[in-house]
Amino acid sequence: MPFLILALCIFLFIMWLQLRKAARADFIRSYMFPAGLLDKLQKTRPELSLKDRQLVAHALRQFFLVYHKSSHHQIAMPSQVVDDLWHEFILYTKNYQAFCQKAFGRYLHHTPASAMSANNNDGLRKVWYYACLEENINPKHPTRLPLLFALDAKWNLADGFYYSPDCRQQTGNGTVHCGADFFTSDSGGSSSESSSGDSSGCSGGCSGGCGGGGGGGD
């Protein structure tokens, strides 16, 4: 009898964790950013229309979903324009703190790219893997880019990061990184697992913007 009670408690606890994780994902998807946030982005990126800025907000939600699905491991931001909006969101300190607590149960710190250089490839692999899954893209054989990896090139940003699903398609300004090269069989694993085998062929050359997170999630 005690064993059955223990088994039931474990089962209920697992179910509670799954329901909480699903509820947090739903919260992130439906979250309404603070009023005026997109206007702040317009000052940084005056060339973007309201529709464009709304698309950036959608991509930022995708980034937060990636962090949530990766169990709060260190990840890297692949888009400069989305990073711009993240910076602005953090300045709404009360809103951002409340969002993080409800979405992750913790504060998501913003880490400068210079401090992440050693882990950028690993962080980008995780973002690539989960962003592809979010959009039903095969991360190993992609036919298109997930939103987070496509926006900088969409608007031809001079300071943006450029990617292509196929290494043979070298378009855009500057270095174009191949999305499929971010895929490894353990991209969805822990940071230590993912960094153990670099089959991407991009070594230190595949870099994104800033990043955040780190450590296991509750």
Point-to-point label distance, GLN101-ILE5, nm (Cα→Cβ direction, 7 Å offset): 3.5 nm
Under the Karplus curve 6.51 cos²θ - 1.76 cosθ + 1.60, θ = phi - 60°, whole-Hz ³J(HN,Hα) for the range 54-66, x wherever Gly or Pro sits: 5, 5, 5, 4, 5, 5, 5, 4, 4, 4, 5, 5, 4
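No lab work stands behind these numbers, since they all come straight from the coordinates. Just so it is clear, the model here is predicted, and its values are computed rather than measured. Ideal geometry is used to build each Cβ from the backbone, glycine not excepted, and the neighbour counts take in all protein chains shown.
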